[in-house]
Structure formats: C-alpha cells, structure tokens
Amino acid sequence: SSGINAEWPLRPGIQNSFAFPTFRNPLLYPLQTMTLGALCLLTLLPLLQASTIERLERVRPTTWHLGMNLNPADGHIMSYTTGWTSDAFIGTYADSLTKDYLNRAVWRLPVSYIAIVRHQQGEVDAVKVFRFKEQRTMLSRFQDMNPGRDVVTEGGPIQESVSSNAQNLDDDPIFSVGGDLAFNWAYSDNGHRIVLTGGNLSPVGINDDNTHGLGNHFACDPLTGSANSVNWGHEISNIHDSCVGVTACTYSDVTTVVQGTDHGAGYHLRSGPVYGNYAIYVSKDATLFPGPGFNLELEVNVESELRFFEYEL
C-alpha cells in the first residue's frame, strides 16, 4: 500500500500509555523524513495548547481459578482430614460447582488472593475477597499443619458483596463474622481448615468443640491431618456457641449445628439447612470478584477495561 499505515499497539496484557503510528513509503510522504522527536512535538502540540495531556491505558485482564467447591449435602464429606492436603483431584469438571471438587493443578499455583463465594447452583449469592500475607500455593498452606493456627490474610476482606436476596446470613460461617482468614485451626483433637478470626477460636488445650468453619473434624490429629474416628468429620458448621447453658463446657455437653447431611455419626452433630455451595477461587493478581447474580465458571476473567487520564500542565 502507498498510504499511511497506523498501528496502535493496545493489546490485552500489555500496559500502553501512548503510541505513535508507524509510516511507510518515505519518498511519497516527505513528512516521514522528519525525526521521531519532531513528529512527537507535532502530535502533542494541540494538547499542549489546551494545557492538558490525555492518556489512554489498557488495564491488564486478570483471572480467578476455581480451586475447590464444597456442597454439604452431596454424600461426600470434605472434613479436615479429607482432600485438603492429599494433592489429588476430587470430583469432575462437569460437577465442579454442584458437588465437592478440588482441582489439584490450581491447588499448586502460587497465589496472592482468595475469594470465598457462596452460590446457588453457580449463581453468586455472596463473596468475600482477601489478600494473603505472602504468595504461596494452597497445597503448601494446608499442609503446614504443625503448629497450624495460622492467620493467613491481613487487613480483613478487601471486597465483601452480598445479594439483597441472600438468606441465612445470621450464622453463616463466612458472612456472619468479620476478621481475617485462619487456616488449620488446631486445638486438642480438633481441626478446622478455614475459619475467620471474628468467630470463636478455641485455645490450644481446650477441648470444647466450639470453633466453626469449613472443613472440620472433632476427632483427629490436627497436626498431621489423620482421623482418629470417622464419626466426627463434618464439612460446614455454622457460627454458634456450642456450649450455651453449660458452665464448664466439654465435648460431651455441646451441640454442633452443621449445614446439610455431610457429617459423621457423632452424637452431637446436628444436620441443618444448606445455605448454598461454597466455592474457593484463587488468583495471583486479581483483586475484585464479580458480585451477586454472576454465573460462575471454572475460570472467572475480570474483563480488561480502558482507563482515561487527563493531566493538567
């Protein structure tokens, strides 16, 4: 072609602040013999006269990866001792948002952010996003059980979005309490994979079965992840005081209300309503997650967007 070919390199994944067109056929277009510096001045002259500089930036797209899904009524008990540290795939892609699921490859990704999403058949009901204190894999975090009791995020949730139609929020293990995330909360022979610091966190030597969260067991070695009995594993327990009305509370006095039927036969574990599935998404650099009403997938891309800046001279 004998005309001007202007190529503006605004591509996803590349930070672009300003780009000048490239030209061809210098014999036909004497203007092209000018230096790049002169072209820059001519291009910027109208902006300089207006006393402002305008810049267009493309924000790099980021991705959330589904690492785990918990369904507390699918017949599979994802307790403290099941799945979290075994470095094995659980479930199928087809059922990843309707049954218990763990993606081994995602569990091995170094990540800096985590989103816990309560959803109804894949539609977001509520979401909290947290920033980890350090970039590590989820597998290594959950394998780090001794001594456990690790507060892994800082600053509380950086995003909290809840549907106006969301139900059962008063005792939800994630959305009824504040604070940061703690992993591998161990005390006596009890272990909980994910809890929030705003809930009750039992002291090391107290066997009160009174901490509640995701991935729980009341008869295990929490420092190794091995079960002492199959009767006391339970997937999701709601926030409540298991020792209400008991002066000197021990495990024989408590009643633990769990979501759904995915729990052992322990005599003080009580089935309750299912509030939803709980999906765990992780990312290296995504900081925001789509809000209520969004339909989830194995990967959630935060769409790239153009940002416009204007600077006064």
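The values are calculated or read from the model by the stated rules, or taken from the named source; none is laboratory data. None of the values given here were measured: they were computed from a predicted structure. When we count neighbours, we look across all protein chains shown, and the Cβ atoms used for this are built from the backbone with ideal geometry, even at glycine. Surface accessibility is based on the protein's heavy atoms, side chains included, excluding ligands, DNA and RNA. Shrake-Rupley method; radii C 1.70, N 1.55, O 1.52, S 1.80 Å.
Listing for the model above:
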{"quantity": "Residue that is nearest to the chain's Cα centre (by Cα), among those in region 161-172 that are surrounded by 14 or more Cβ atoms within 10 Å (Cβ to Cβ) and under 18 Å from GLY199 (Cβ atoms)", "calculated": "VAL162"}
{"quantity": "Any hit, region 115-128, residues being polar (S, T, N, Q), under 24 Å from GLU299 (Cβ atoms) and modelled with pLDDT of 95 or more", "calculated": "yes"}
{"quantity": "Only listed residue being of a type in the set (Gly, Ala, Ser), in contact (Cβ under 8 Å) with a residue 40 or more places away in the chain and either open to solvent by 50 Å² or more (accessible area, probe 1.4 Å) or in contact with a strand residue (DSSP E or B) (Cβ under 6 Å, 6 or more places away or on another chain) (or both), chosen from GLY155, GLY91, GLY179, GLY191", "calculated": "GLY191"}
{"quantity": "Residue within region 142-150 that is touching a residue at least 12 places away in the same chain (Cβ under 8 Å) and open to solvent by less than 10 Å² (accessible area, probe 1.4 Å) present", "calculated": "yes"}
{"quantity": "Output for region 46-88, where each listed residue is surrounded by fewer than 15 Cβ atoms within 10 Å (Cβ to Cβ), touching a Leu at 6+ places or on another chain (Cβ under 9 Å) and modelled with pLDDT of 95 or more", "calculated": "ASP87, ALA88"}
{"quantity": "Scope region 190-208; condition over 12 Å from SER237 (Cα atoms) and of a type in the set (Val, Ile, Thr); matching residues", "calculated": "THR197, VAL204, ILE206"}
{"quantity": "Evaluation of THR197 against (1) buried (at least 17 other Cβ atoms within 10 Å of the Cβ); (2) closer than 22 Å to GLU134 by Cβ; (3) touching a residue at least 40 places away in the same chain (Cβ under 8 Å) (one fails), failing number", "calculated": "(1)"}
{"quantity": "Any hit, region 201-215, residues being open to solvent by 30 Å² or more (accessible area, probe 1.4 Å), of a type in the set (S, T, N, Q) and more than 26 Å from PHE130 (Cα to Cα)", "calculated": "yes"}
{"quantity": "Residue that is farthest from PRO292 (Cα to Cα) [pool: residues in region 106-126 that are outside any strand (DSSP E or B) and open to solvent by 70 Å² or more (accessible area, probe 1.4 Å)]", "calculated": "ARG108"}
{"quantity": "Residue satisfying all of: in region 296-313; at pLDDT 95 or above and of a type in the set (A, V, I, L, M, F, W, C); most open to solvent (accessible area, probe 1.4 Å) among these", "calculated": "LEU298"}
{"quantity": "Matching residues in region 216-247 - criterion: being open to solvent by 50 Å² or more (accessible area, probe 1.4 Å) and of a type in the set (D, E, K, R)", "calculated": "ASP221, ASP241"}
{"quantity": "Condition check for ASP100: surrounded by fewer than 24 Cβ atoms within 10 Å (Cβ to Cβ), among the acidic types (Asp, Glu) and within 21 Å of VAL258 (Cβ to Cβ)", "calculated": "yes"}
{"quantity": "Positions within region 132-141 being surrounded by 16 or more Cβ atoms within 10 Å (Cβ to Cβ) and more than 19 Å from ARG104 (Cα to Cα), in sequence order", "calculated": "PHE132"}
